[in-house]
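Some notes on the structure that comes next.
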Amino acid sequence: MSELPTLGYLELVRALQRSGFFVVRQRGSHIRLQKRTPEGTLKLTVPAHRTIKKGTLSHILKAAKLTPQALKQLL
């Protein structure tokens, strides 16, 4: 398995926006993003934490259908 980078929430949100996601809303410390695809709509929630934990980042990437290598290219 590839090593996941240590990211803050702003870096992750910007990388997800480069991959086609857009911010729908922010409520408190959670940012809601979505992306329309031919298969349907992908929805994500990113916690607004200074550093996102590896497990949380892994779940976000899985929901976004991105690999760690694809994330590194978007950064």
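Eight or more residues apart or on different chains, and alpha-carbon atoms under 13 Å: count the Lys pairs in the chain matching that.
The result is 5.
Quick check: residue separation of Leu10 and Ser29 times 0.36 nm, minus the Cα distance between them. What number comes out in nm?
5.6 nm is the gain from fully extending Leu10 to Ser29.
Checking the a/c ratio against 1.5 first, then a/b against b/c, what shape does the Cα gyration tensor give for the chain?
Here the chain falls in the oblate category.
How large is ³J(HN,Hα), in whole Hz, for each residue of region 38-48 in order, when computed from phi with the Karplus curve 6.51 cos²θ - 1.76 cosθ + 1.60 and θ = phi - 60°, using x for Gly and Pro?
For region 38-48, the Karplus curve yields x, 7, x, 9, 9, 10, 10, 10, 10, x, 8 Hz.
As an exercise, identify the trypsin sites (Lys or Arg not before Pro) in the chain lying in DSSP coil whose Cβ has no more than 14 other Cβ atoms within 10 Å.
Here the sparse-neighbourhood loop sites are Arg50, Lys53, Lys65.
Could you give each residue of region 56-62 its phi-based ³J(HN,Hα) in whole Hz, using Karplus coefficients 6.51, -1.76, 1.60 with θ = phi - 60°, and x for Gly or Pro?
5, 4, 4, 5, 5, 5, 5
What whole number of Å gives the distance from the Cα centroid of region 41-75 to the Cα centroid of region 8-36?
Here the two parts' Cα centres lie 10 Å apart.
Using the Karplus curve 6.51 cos²θ - 1.76 cosθ + 1.60 with θ = phi - 60°, what ³J(HN,Hα) values do you get for each residue of region 10-16, in whole Hz, with x for Gly and Pro?
Coupling constants for region 10-16: 5, 5, 5, 4, 5, 5, 5 Hz.
Taken together, the values in this text are just the output of simple stated rules run on the coordinates, not laboratory data. Computed from a predicted structure; not experimentally measured. Ideal geometry is used to build each Cβ from the backbone, glycine not excepted, and the neighbour counts take in all protein chains shown.
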